[in-house]
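For reference, the structure discussed in these notes is given below.
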Amino acid sequence: MSQDAKAARERAKAIAEQRRLERKNRKRKCVLCGAEESDKVPLGPHPDGIGPSCKDEGACIARRATAR
């Protein structure tokens, strides 16, 4: 087996893994209010490191209040 074929196969595995991770992360939800990530609700890292949370804190608080 040539080194080029092995390198190409490894590269294909890396691309496939990257695509799986992108698909998995596409449907992230806010850990505080449960809103699914979209253009209107962009998520970022939570300051305490507990997971993704809404970037707009005011809207997140409002969604949590209406959910209760």
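Each value in this text was obtained by applying a stated rule to the coordinates, not by laboratory testing. The structure presented is a predicted model; accordingly, all values stated were derived computationally and were not measured. Counting neighbours? That spans all protein chains shown, and the Cβs are built from the backbone with ideal geometry, glycine included.
Can you work out D for the chain in µm² s⁻¹ from Stokes-Einstein, where Rh is the Kirkwood radius over C-alpha pairs, the temperature is 37 °C and the viscosity is 0.692 mPa s? Each step should come with its number before you reach the end.
Working: Rh = 14.3 Å.
It comes out at roughly 230 µm²/s.
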**Study point:** Net charge of Cβ neighbours under 14 Å - reference Ala67; Lys, Arg +1; Asp, Glu -1
**Key:** +3
Revision key, fill the gap. Rounded to 0.05, the calculated FRET efficiency for the beta carbons of Arg68 and Glu36 at R₀ = 25 Å is 0.85
Check your understanding: Roughly how tilted is helix 57-67, in degrees to the nearest 10 and between 0 and 90, from the longest Cα axis of the chain?
Key -> 70 degrees
Revision key, fill the gap. Relative to the chain, whose Cα atoms define the longest principal axis, helix 3-25 and its Cα axis are tilted in degrees, nearest 10, by 10 degrees
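Could you work out the helix-only [θ] at 222 nm for the chain, with each DSSP H run of four or more residues adding -39,500 (n - 2.57) and the total divided by the number of residues, to the nearest 500 deg cm²/dmol? Don't jump to the answer; show the numbers that get you there.
Working: 2 runs with 34 residues, N = 68.
Value at 222 nm, helices only, nearest 500: -17000 deg cm²/dmol.
For Leu43, Leu21, what's the fewest-to-most ordering of other Cβ within 10 Å of each Cβ? Kindly include the intermediate steps, with their values, before the conclusion.
Values: Leu43 20, Leu21 10.
Lowest to highest Cβ neighbour count: Leu21, Leu43.
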